[in-house]
1. From the square roots a ≥ b ≥ c of the eigenvalues of the alpha-carbon gyration tensor of the stretch 298-377, which class results: rounded (a/c under 1.5), prolate (a/b over b/c), or oblate?
2. At a 1.4 Å probe, what is the % contribution of carbon and sulfur to the accessible area of the chain?
3. Sticking with the crude label model, points 7 Å out along Cα→Cβ, report the distance from Gln147 to Lys53 in nm, one decimal please.
4. Any idea of the accessible area per residue across the stretch 16-259, 1.4 Å probe, to the nearest Å²?
5. Longer than 19 Å from Cα to Cα, which of Lys181/Lys206; Lys230/Lys261; Lys157/Lys211 are they? Say none if no pair is.
6. Rounded to whole Å, give me the distance from the Cα center of the stretch 229-275 to that of the stretch 1-72.
7. Between Lys265 and Lys2, what is the spin-label point distance in nm, taking each point 7 Å from the Cα along the Cα→C-beta axis?
8. Can you list the aspartates and glutamates whose alpha carbon sits under 20 Å from that of Lys329, skipping same-chain ones fewer than 8 residues off?
Amino acid sequence: MKKPLIMTPGPTYVHEEVRRALSMEMTNPDLDLNFYEFYKETCDRFKELLYTKNEVLILSGEAILGLEAACASLIEPGDKVLCIDNGIFGNGFGDFAKMYGAEVVYFKSDYKRAIDVKGLENLLKENNDFKMATIVHCETPSGITNQIDLICPLLKKYGIITVVDSVSATGGEELKTDEWKIDILLGGSQKCLSAPAGLTFLSISKDAWDKILNRKIPIVGFYCNISNWKRWYEDKWFPYTPPINDIYGLRAALDRLLEEKDYVKRHKQIAEAVRKSLIGAGLKLYPLDGFSNTVTTVDLPEGITFNDIFEEMINEHNIMIAGAFDFLKDKVIRIGHMGENCREEKIYITLKALDHVFRKHGVKLEGEMHKLYAEYR
Ligand SMILES: *Cc1c(COP(=O)(O)O)cnc(C)c1O
(Lines give C-alpha, C1' and ligand atoms only; values in the text may rest on other atoms or scores of the structure.)
Protein backbone atom coordinates (compact mmCIF):
# COMPACT_ATOMS: atom_id res chain seq x y z
CA MET A 1 0.00 0.00 0.00
CA LYS A 2 1.37 3.38 -1.02
CA LYS A 3 2.02 5.61 2.00
CA PRO A 4 -0.57 8.34 2.33
CA LEU A 5 0.33 11.94 1.60
CA ILE A 6 0.56 13.40 5.09
CA MET A 7 -0.77 16.98 5.00
CA THR A 8 -1.13 17.43 8.75
CA PRO A 9 0.51 20.29 10.66
CA GLY A 10 3.31 18.03 11.87
CA PRO A 11 4.80 15.52 11.72
CA THR A 12 5.50 16.38 8.10
CA TYR A 13 6.90 14.52 5.09
CA VAL A 14 10.51 13.40 5.52
CA HIS A 15 12.48 13.84 2.30
CA GLU A 16 14.56 11.02 0.88
CA GLU A 17 17.80 12.96 1.47
CA VAL A 18 16.92 13.09 5.15
CA ARG A 19 15.95 9.42 5.26
CA ARG A 20 19.29 8.55 3.71
CA ALA A 21 21.12 10.63 6.32
CA LEU A 22 19.20 8.79 9.05
CA SER A 23 20.66 5.51 7.89
CA MET A 24 24.30 6.65 7.72
CA GLU A 25 26.86 4.53 9.46
CA MET A 26 27.26 5.61 13.06
CA THR A 27 30.05 6.04 15.53
CA ASN A 28 30.22 6.18 19.31
CA PRO A 29 29.06 9.77 19.80
CA ASP A 30 30.39 9.99 23.37
CA LEU A 31 33.93 9.01 22.45
CA ASP A 32 34.41 10.06 18.83
CA LEU A 33 35.67 13.64 18.93
CA ASN A 34 34.54 14.13 15.33
CA PHE A 35 30.97 13.83 16.49
CA TYR A 36 31.45 16.72 18.92
CA GLU A 37 32.50 18.85 15.94
CA PHE A 38 29.53 17.64 13.91
CA TYR A 39 27.13 18.46 16.73
CA LYS A 40 28.70 21.90 17.14
CA GLU A 41 28.51 22.65 13.40
CA THR A 42 24.86 21.61 13.44
CA CYS A 43 24.16 23.99 16.34
CA ASP A 44 25.99 26.73 14.43
CA ARG A 45 23.79 26.14 11.39
CA PHE A 46 20.77 26.47 13.67
CA LYS A 47 22.06 29.90 14.64
CA GLU A 48 21.68 30.88 10.97
CA LEU A 49 18.09 29.63 10.93
CA LEU A 50 17.20 31.39 14.17
CA TYR A 51 19.15 34.61 13.45
CA THR A 52 20.97 34.39 16.74
CA LYS A 53 24.45 34.53 18.21
CA ASN A 54 23.17 32.80 21.36
CA GLU A 55 24.17 29.27 22.20
CA VAL A 56 22.02 26.57 20.57
CA LEU A 57 21.50 23.05 21.93
CA ILE A 58 19.83 20.01 20.41
CA LEU A 59 18.17 17.85 23.04
CA SER A 60 17.03 14.29 22.70
CA GLY A 61 13.28 14.36 23.04
CA GLU A 62 10.25 15.63 21.17
CA ALA A 63 9.58 19.40 21.24
CA ILE A 64 7.65 19.15 24.50
CA LEU A 65 11.04 18.49 26.12
CA GLY A 66 12.11 21.99 25.07
CA LEU A 67 9.10 23.55 26.82
CA GLU A 68 9.64 21.51 29.93
CA ALA A 69 13.43 22.03 29.99
CA ALA A 70 12.98 25.80 29.78
CA CYS A 71 10.49 25.75 32.69
CA ALA A 72 12.49 23.28 34.78
CA SER A 73 15.75 25.19 34.33
CA LEU A 74 14.45 28.73 34.83
CA ILE A 75 11.66 28.46 37.39
CA GLU A 76 12.19 28.28 41.13
CA PRO A 77 9.22 27.62 43.42
CA GLY A 78 7.26 30.83 43.98
CA ASP A 79 8.60 32.64 40.88
CA LYS A 80 6.04 34.78 39.10
CA VAL A 81 5.53 33.71 35.51
CA LEU A 82 3.36 35.48 32.94
CA CYS A 83 1.58 33.03 30.65
CA ILE A 84 0.46 34.77 27.48
CA ASP A 85 -2.50 32.74 26.34
CA ASN A 86 -4.47 32.90 23.10
CA GLY A 87 -4.88 29.19 22.49
CA ILE A 88 -4.43 25.60 23.55
CA PHE A 89 -0.62 25.54 23.51
CA GLY A 90 -0.37 28.98 25.09
CA ASN A 91 -2.60 27.93 27.96
CA GLY A 92 -0.83 24.59 28.38
CA PHE A 93 2.51 26.35 28.76
CA GLY A 94 1.16 27.72 32.05
CA ASP A 95 0.62 24.15 33.30
CA PHE A 96 4.30 23.35 32.74
CA ALA A 97 5.30 26.47 34.66
CA LYS A 98 3.01 25.46 37.56
CA MET A 99 4.49 21.96 37.60
CA TYR A 100 7.82 23.57 38.55
CA GLY A 101 6.27 25.71 41.27
CA ALA A 102 5.60 28.98 39.44
CA GLU A 103 2.92 31.39 40.50
CA VAL A 104 1.30 31.82 37.10
CA VAL A 105 -0.56 34.92 35.98
CA TYR A 106 -2.43 34.54 32.70
CA PHE A 107 -2.80 37.25 30.12
CA LYS A 108 -5.79 35.93 28.19
CA SER A 109 -6.34 37.13 24.69
CA ASP A 110 -9.15 36.29 22.21
CA TYR A 111 -8.64 32.69 20.97
CA LYS A 112 -9.67 33.68 17.44
CA ARG A 113 -7.13 36.47 17.10
CA ALA A 114 -3.40 37.13 17.43
CA ILE A 115 -2.33 38.24 20.92
CA ASP A 116 -3.61 41.70 21.80
CA VAL A 117 -0.31 43.58 22.08
CA LYS A 118 -1.92 46.85 23.28
CA GLY A 119 -3.74 44.96 26.04
CA LEU A 120 -0.51 43.31 27.09
CA GLU A 121 1.24 46.67 27.13
CA ASN A 122 -1.48 48.00 29.47
CA LEU A 123 -1.20 45.03 31.81
CA LEU A 124 2.58 45.43 32.01
CA LYS A 125 2.24 49.09 33.01
CA GLU A 126 0.43 47.95 36.18
CA ASN A 127 1.94 44.55 36.78
CA ASN A 128 5.43 43.66 35.58
CA ASP A 129 7.40 41.93 38.33
CA PHE A 130 7.57 38.63 36.42
CA LYS A 131 10.69 36.51 36.20
CA MET A 132 9.72 35.13 32.82
CA ALA A 133 6.92 34.99 30.27
CA THR A 134 5.80 32.15 28.03
CA ILE A 135 4.57 32.87 24.50
CA VAL A 136 3.58 30.62 21.60
CA HIS A 137 4.75 31.81 18.18
CA CYS A 138 2.21 29.86 16.14
CA GLU A 139 -0.87 28.40 17.83
CA THR A 140 -1.01 25.28 15.69
CA PRO A 141 -4.57 24.10 16.59
CA SER A 142 -6.18 27.42 15.64
CA GLY A 143 -3.72 28.46 12.92
CA ILE A 144 -2.73 31.79 14.45
CA THR A 145 0.74 33.37 14.38
CA ASN A 146 1.52 35.85 17.13
CA GLN A 147 3.57 39.02 16.79
CA ILE A 148 6.53 37.92 18.85
CA ASP A 149 8.54 40.67 17.13
CA LEU A 150 6.49 43.18 19.17
CA ILE A 151 5.74 41.10 22.27
CA CYS A 152 9.25 40.01 23.26
CA PRO A 153 10.91 43.47 23.10
CA LEU A 154 8.01 44.80 25.19
CA LEU A 155 8.55 42.15 27.88
CA LYS A 156 12.31 42.69 27.90
CA LYS A 157 11.76 46.37 28.59
CA TYR A 158 10.67 45.20 32.05
CA GLY A 159 13.53 42.70 32.39
CA ILE A 160 11.26 39.69 31.86
CA ILE A 161 12.89 36.57 30.41
CA THR A 162 11.09 35.64 27.17
CA VAL A 163 10.49 31.97 26.39
CA VAL A 164 8.98 31.32 22.96
CA ASP A 165 7.49 28.05 21.70
CA SER A 166 8.13 28.36 17.98
CA VAL A 167 7.71 24.66 17.29
CA SER A 168 5.31 25.08 14.37
CA ALA A 169 6.73 28.38 13.08
CA THR A 170 10.56 28.08 12.98
CA GLY A 171 11.54 27.44 9.37
CA GLY A 172 8.20 28.70 8.03
CA GLU A 173 7.66 32.16 9.49
CA GLU A 174 10.08 35.05 9.75
CA LEU A 175 12.18 34.76 12.91
CA LYS A 176 14.85 37.11 14.29
CA THR A 177 15.74 35.72 17.70
CA ASP A 178 18.30 38.36 18.73
CA GLU A 179 16.65 41.39 17.15
CA TRP A 180 13.33 40.41 18.74
CA LYS A 181 14.95 39.79 22.15
CA ILE A 182 13.97 36.16 22.60
CA ASP A 183 15.83 34.62 25.55
CA ILE A 184 14.82 31.04 24.89
CA LEU A 185 13.53 30.07 21.48
CA LEU A 186 12.53 26.44 21.12
CA GLY A 187 11.47 24.28 18.22
CA GLY A 188 11.08 20.68 17.16
CA SER A 189 12.35 18.47 14.40
CA GLN A 190 9.02 17.29 12.96
CA LYS A 191 7.31 20.49 11.85
CA CYS A 192 8.81 22.93 9.32
CA LEU A 193 12.22 21.23 9.49
CA SER A 194 10.59 18.04 8.18
CA ALA A 195 12.80 15.61 10.06
CA PRO A 196 11.40 12.78 12.18
CA ALA A 197 9.90 13.61 15.58
CA GLY A 198 12.26 13.14 18.52
CA LEU A 199 14.53 16.17 18.79
CA THR A 200 14.09 19.63 20.20
CA PHE A 201 16.43 22.59 19.63
CA LEU A 202 16.71 25.70 21.72
CA SER A 203 18.68 28.92 21.78
CA ILE A 204 19.63 30.35 25.15
CA SER A 205 20.56 34.00 25.72
CA LYS A 206 23.11 35.29 28.21
CA ASP A 207 20.29 36.60 30.44
CA ALA A 208 18.68 33.17 30.46
CA TRP A 209 22.01 31.47 31.27
CA ASP A 210 22.51 33.91 34.16
CA LYS A 211 19.16 32.90 35.66
CA ILE A 212 19.79 29.19 35.07
CA LEU A 213 23.25 29.22 36.64
CA ASN A 214 22.46 31.49 39.59
CA ARG A 215 19.52 29.82 41.27
CA LYS A 216 18.95 29.55 45.00
CA ILE A 217 17.30 26.15 44.66
CA PRO A 218 18.95 23.54 42.40
CA ILE A 219 17.18 22.38 39.25
CA VAL A 220 15.01 19.32 39.84
CA GLY A 221 15.59 16.52 37.35
CA PHE A 222 18.32 15.64 34.91
CA TYR A 223 16.94 15.40 31.38
CA CYS A 224 15.35 18.83 31.65
CA ASN A 225 18.35 20.44 33.32
CA ILE A 226 19.89 22.77 30.74
CA SER A 227 22.81 23.62 33.05
CA ASN A 228 24.19 20.10 32.47
CA TRP A 229 25.05 21.30 28.95
CA LYS A 230 27.04 24.37 29.98
CA ARG A 231 30.47 22.91 29.21
CA TRP A 232 29.69 20.03 26.84
CA TYR A 233 32.10 21.25 24.16
CA GLU A 234 35.00 22.28 26.42
CA ASP A 235 34.81 19.06 28.42
CA LYS A 236 33.88 16.85 25.44
CA TRP A 237 31.13 15.36 27.52
CA PHE A 238 27.45 14.96 26.67
CA PRO A 239 25.05 14.61 29.64
CA TYR A 240 23.64 11.51 27.92
CA THR A 241 24.46 9.65 24.71
CA PRO A 242 23.02 11.72 21.85
CA PRO A 243 20.76 9.94 19.32
CA ILE A 244 23.33 10.18 16.58
CA ASN A 245 21.21 9.09 13.61
CA ASP A 246 18.38 11.46 14.46
CA ILE A 247 20.94 14.25 14.56
CA TYR A 248 22.32 13.24 11.15
CA GLY A 249 18.77 13.39 9.82
CA LEU A 250 18.03 16.74 11.40
CA ARG A 251 21.24 18.17 9.98
CA ALA A 252 20.34 17.04 6.47
CA ALA A 253 16.88 18.59 6.86
CA LEU A 254 18.36 21.84 8.15
CA ASP A 255 20.87 21.98 5.29
CA ARG A 256 18.04 21.50 2.78
CA LEU A 257 16.07 24.35 4.30
CA LEU A 258 18.97 26.80 4.60
CA GLU A 259 20.12 26.07 1.07
CA GLU A 260 16.79 27.36 -0.19
CA LYS A 261 17.05 30.86 1.38
CA ASP A 262 13.50 31.84 0.32
CA TYR A 263 11.65 29.40 2.56
CA VAL A 264 9.79 32.16 4.41
CA LYS A 265 8.53 33.57 1.12
CA ARG A 266 7.46 30.10 -0.07
CA HIS A 267 5.41 29.56 3.07
CA LYS A 268 3.83 32.99 2.83
CA GLN A 269 2.85 32.68 -0.83
CA ILE A 270 1.40 29.19 -0.51
CA ALA A 271 -0.45 30.02 2.72
CA GLU A 272 -2.01 33.11 1.16
CA ALA A 273 -3.15 31.14 -1.88
CA VAL A 274 -4.65 28.41 0.34
CA ARG A 275 -6.60 30.96 2.37
CA LYS A 276 -7.90 32.74 -0.72
CA SER A 277 -8.98 29.45 -2.29
CA LEU A 278 -10.89 28.32 0.79
CA ILE A 279 -12.57 31.70 1.17
CA GLY A 280 -13.25 31.81 -2.56
CA ALA A 281 -15.07 28.47 -2.30
CA GLY A 282 -17.29 29.97 0.42
CA LEU A 283 -15.64 28.36 3.45
CA LYS A 284 -14.84 30.22 6.65
CA LEU A 285 -11.39 30.41 8.21
CA TYR A 286 -11.34 29.85 11.98
CA PRO A 287 -9.10 32.82 12.91
CA LEU A 288 -10.23 36.40 12.43
CA ASP A 289 -6.67 37.69 12.10
CA GLY A 290 -3.07 36.57 12.63
CA PHE A 291 -3.36 33.90 9.91
CA SER A 292 -0.53 31.41 10.12
CA ASN A 293 1.68 30.72 7.13
CA THR A 294 2.36 27.15 8.23
CA VAL A 295 -1.15 25.84 8.97
CA THR A 296 -4.65 26.85 7.87
CA THR A 297 -7.62 26.14 10.13
CA VAL A 298 -11.05 26.26 8.55
CA ASP A 299 -14.48 25.82 10.14
CA LEU A 300 -16.13 22.50 9.45
CA PRO A 301 -18.95 23.16 6.96
CA GLU A 302 -22.58 22.25 7.80
CA GLY A 303 -23.76 18.73 7.09
CA ILE A 304 -20.47 16.84 7.35
CA THR A 305 -18.50 15.48 10.29
CA PHE A 306 -14.75 15.63 10.66
CA ASN A 307 -14.62 11.87 10.83
CA ASP A 308 -16.38 11.54 7.43
CA ILE A 309 -13.85 13.89 5.88
CA PHE A 310 -10.84 12.22 7.49
CA GLU A 311 -11.92 8.70 6.49
CA GLU A 312 -12.79 9.61 2.92
CA MET A 313 -9.64 11.64 2.41
CA ILE A 314 -7.61 8.64 3.49
CA ASN A 315 -9.64 5.83 1.98
CA GLU A 316 -10.53 7.41 -1.35
CA HIS A 317 -7.64 9.81 -1.90
CA ASN A 318 -4.80 8.52 0.27
CA ILE A 319 -4.30 11.94 1.85
CA MET A 320 -4.22 12.61 5.58
CA ILE A 321 -5.46 15.93 6.91
CA ALA A 322 -5.99 16.86 10.55
CA GLY A 323 -8.81 18.00 12.76
CA ALA A 324 -7.97 19.56 16.09
CA PHE A 325 -8.36 18.68 19.74
CA ASP A 326 -9.68 20.13 23.00
CA PHE A 327 -12.43 22.73 22.40
CA LEU A 328 -11.75 22.64 18.64
CA LYS A 329 -12.44 18.90 18.35
CA ASP A 330 -14.93 18.21 15.52
CA LYS A 331 -15.19 21.95 14.83
CA VAL A 332 -12.37 22.55 12.33
CA ILE A 333 -10.21 21.02 9.63
CA ARG A 334 -6.50 21.80 9.45
CA ILE A 335 -4.28 21.72 6.40
CA GLY A 336 -0.58 21.77 7.17
CA HIS A 337 1.56 23.62 4.67
CA MET A 338 4.81 23.50 6.57
CA GLY A 339 8.26 22.38 5.49
CA GLU A 340 8.22 19.68 2.83
CA ASN A 341 4.41 19.83 2.72
CA CYS A 342 4.55 23.43 1.62
CA ARG A 343 4.80 22.53 -2.06
CA GLU A 344 2.39 23.64 -4.77
CA GLU A 345 1.61 20.21 -6.18
CA LYS A 346 0.85 18.72 -2.77
CA ILE A 347 -1.53 21.54 -1.92
CA TYR A 348 -3.23 21.25 -5.30
CA ILE A 349 -4.04 17.57 -4.96
CA THR A 350 -5.10 18.02 -1.33
CA LEU A 351 -7.55 20.77 -2.23
CA LYS A 352 -8.83 18.79 -5.21
CA ALA A 353 -9.53 15.77 -3.01
CA LEU A 354 -11.15 17.91 -0.32
CA ASP A 355 -13.32 19.60 -2.94
CA HIS A 356 -14.44 16.16 -4.12
CA VAL A 357 -15.24 14.95 -0.60
CA PHE A 358 -17.22 18.10 0.25
CA ARG A 359 -19.33 17.88 -2.92
CA LYS A 360 -20.05 14.20 -2.37
CA HIS A 361 -21.50 15.12 1.03
CA GLY A 362 -23.64 17.92 -0.37
CA VAL A 363 -21.54 20.82 0.92
CA LYS A 364 -22.31 23.82 -1.30
CA LEU A 365 -19.13 25.36 -2.64
CA GLU A 366 -18.96 28.60 -4.57
CA GLY A 367 -15.90 27.59 -6.56
CA GLU A 368 -13.59 24.65 -7.09
CA MET A 369 -10.89 24.93 -4.46
CA HIS A 370 -8.03 23.47 -6.48
CA LYS A 371 -8.86 25.60 -9.52
CA LEU A 372 -9.00 28.70 -7.36
CA TYR A 373 -5.66 27.67 -5.91
CA ALA A 374 -4.12 27.29 -9.37
CA GLU A 375 -5.30 30.81 -10.07
CA TYR A 376 -4.07 32.39 -6.82
CA ARG A 377 -0.75 30.61 -6.29
C1 LIG B 1 3.69 20.38 17.67
C2 LIG B 1 3.80 21.39 18.72
C3 LIG B 1 4.41 21.09 19.94
C4 LIG B 1 4.85 19.70 20.27
O5 LIG B 1 3.69 19.04 20.61
P6 LIG B 1 3.32 17.55 20.21
O7 LIG B 1 1.86 17.48 20.54
O8 LIG B 1 4.14 16.65 21.04
O9 LIG B 1 3.58 17.39 18.74
C10 LIG B 1 4.55 22.11 20.86
N11 LIG B 1 4.12 23.36 20.61
C12 LIG B 1 3.52 23.69 19.44
C13 LIG B 1 3.04 25.09 19.21
C14 LIG B 1 3.34 22.71 18.45
O15 LIG B 1 2.75 23.01 17.30
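1. Numbers: a/c = 1.58, a/b = 1.20, b/c = 1.31.
Oblate, because a/c is 1.5 or more while a/b does not exceed b/c.
2. Values: 8240 of 15960 Å².
Carbon with sulfur: 52 percent of the solvent-accessible area.
3. 2.8 nm
4. On the way: 9480 Å² over 244 residues.
Result: 39 Å² of accessible area for each residue.
5. Details: Lys181/Lys206 11 Å; Lys230/Lys261 31 Å; Lys157/Lys211 17 Å.
Checking Cα-Cα distances, Lys230/Lys261 exceed 19 Å.
6. Answer, in whole Å: 5.
7. About 3.2 nm, to one decimal.
8. Asp85, Asp110, Glu139, Asp299, Glu302, Asp308, Glu311, Glu312
The values are calculated or read from the model by the stated rules, or taken from the named source; none is laboratory data. If you're wondering where the values come from, they're calculated on a predicted model, not measured in any experiment. As a convention, Cβ positions derive from the backbone with ideal geometry for all residues, glycine included, and neighbour counts pool all protein chains shown. Ligands, DNA and RNA are stripped out before the accessible areas are found, and what is left, the full protein with its side chains, is counted by its heavy atoms. Shrake-Rupley method; radii C 1.70, N 1.55, O 1.52, S 1.80 Å.
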